[in-house]
1. Looking only at region 118-139, which residues are over 19 Å from VAL93 (Cβ atoms) and small (Gly, Ala, Ser)?
2. Of all helices (runs of 4 or more DSSP H) completely enclosed by region 280-334, which ones contain at least 2 residues that are of a type in the set (Ser, Thr, Tyr)?
3. Which one of these does ARG126 not meet: (1) in contact with a strand residue (DSSP E or B) (Cβ under 6 Å, 6 or more places away or on another chain); (2) charged (D, E, K, R); (3) surrounded by 18 or more Cβ atoms within 10 Å (Cβ to Cβ)?
4. Within region 101-129, count every residue that is more than 16 Å from ALA62 (Cα to Cα) and not small (Gly, Ala, Ser).
5. I'd like to know if region 20-31 contains one or more residues that are of a type in the set (A, V, I, L, M, F, W, C), modelled with pLDDT of 95 or more and either surrounded by fewer than 15 Cβ atoms within 10 Å (Cβ to Cβ) or assigned to a helix (DSSP H, G or I) (or both).
6. Within region 284-297, can one find any residue that is touching a Gly at 6+ places or on another chain (Cβ under 8 Å) and on the phi < 0 side of the Ramachandran plot?
7. For region 261-279, which positions are in a strand (DSSP E or B) and under 16 Å from LEU26 (Cα atoms)?
8. Looking at LYS74 and the list (1) assigned to a strand (DSSP E or B); (2) more than 23 Å from GLN181 (Cα to Cα), which single condition is not satisfied?
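The values are calculated or read from the model by the stated rules, or taken from the named source; none is laboratory data. This is a predicted model, so every value here is computed, not measured. Neighbour counts run over all protein chains shown; Cβ positions are idealised from the backbone, glycine included.
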Amino acid sequence: MAELQLTDYGLDRPESGDDVVVPFTLETLDSRGRVVRLGEALDQILTRHNYPAPVARLLGEAVVLAALIGSSLKFEGKFILQTQTDGPVNLIVVDLDAPDGLRGYARFDADGVQKAIELGEATPARLLGKGHLAMTVDQGQFMERYQGIVALEGGSLEDVAHTYFQQSEQVPTLVRLAVAQLSRKGERQPRWRAGGTLVQYLPPHGGRTMPDLPGDGNFDNPETADRSFAESDKWTTTRALLSTVADDELADPDVSAERLLFRLFHEQGVRVFEPVPLEERCTCSAERIESMLRENFTAEERADMVVDGEIEVVCEFCSADYHFKPHEFEATKH
């Protein structure tokens, strides 16, 4: 992975712009992370379904979170982030088709969302309600799927991400997510865009030494106490610096990932690496849907789907419309 030098806002190549993941390390603070910047890719995902603004913003946060986590995995396949809850937005699904394809979908109760808007309560926590968030790594039919599940208990996606890393990976982690609409002169409609960052504390000697995690730190042992407190100071510094970034900075089209990282960490030193591009891309196809209809449904069930002589399937992610004739399944039946 090629390294990019940051020197007083001077870069040795052009800044990365939108629809990218930018990895970085903070060597003096024993931390590393990623910054995500989404522009056109996110706008395509959110405007395709004409979501109410609070729903679009919540789905946008889920897309950013999936990009932050999924982009760190080195595999062929999919990273899937899914929420199932009892709130007005009762289902969110985001796929990262490795290494760079993003798609997302939200299912919501229109009356429930409208009521929350009228009451001034259309916050992510209120829209989600209670339920769970699942993160799945699917490496194909010949590999075992990995899934981590964490409870959603009336918090935001940032909250549940912190809980996930604390409980499942036991790695001190900070996550920031920001989604906004931007109106530019000459454009008829505002565009959605977003930014986010994920930073993890990973001391070189390994192990967990953070006192803010259950069971962390061995401060009664004089051989490890000094080191533990020193490392705690490093993570405290990282947290304090990251807390200074505002949502508008994360989503600002004029503040690249590199520029943001310099603002936050230039005094400590930050190493930035080659950006990984992202794009809006759906994995649906006529062949896949035909296979799904053939393998997952009986002839009788397919017959019940026929309307005006055709079976119609609309992709919930990209709204692509597929039509099949019932006899097509019988003609190729083995």
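1. Selection gives GLY120, ALA122, ALA125.
2. Per the criteria, no element qualifies.
3. So ARG126 meets the others, but not (1).
4. Total meeting the criteria: 9.
5. Checked region 20-31: no residue is of a type in the set (A, V, I, L, M, F, W, C), modelled with pLDDT of 95 or more and either surrounded by fewer than 15 Cβ atoms within 10 Å (Cβ to Cβ) or assigned to a helix (DSSP H, G or I) (or both).
6. Checking region 284-297: not a single residue is touching a Gly at 6+ places or on another chain (Cβ under 8 Å) and on the phi < 0 side of the Ramachandran plot.
7. Matches in region 261-279: ARG271, VAL272, PHE273.
8. In the conditions (1) assigned to a strand (DSSP E or B); (2) more than 23 Å from GLN181 (Cα to Cα), LYS74 misses (1) alone.
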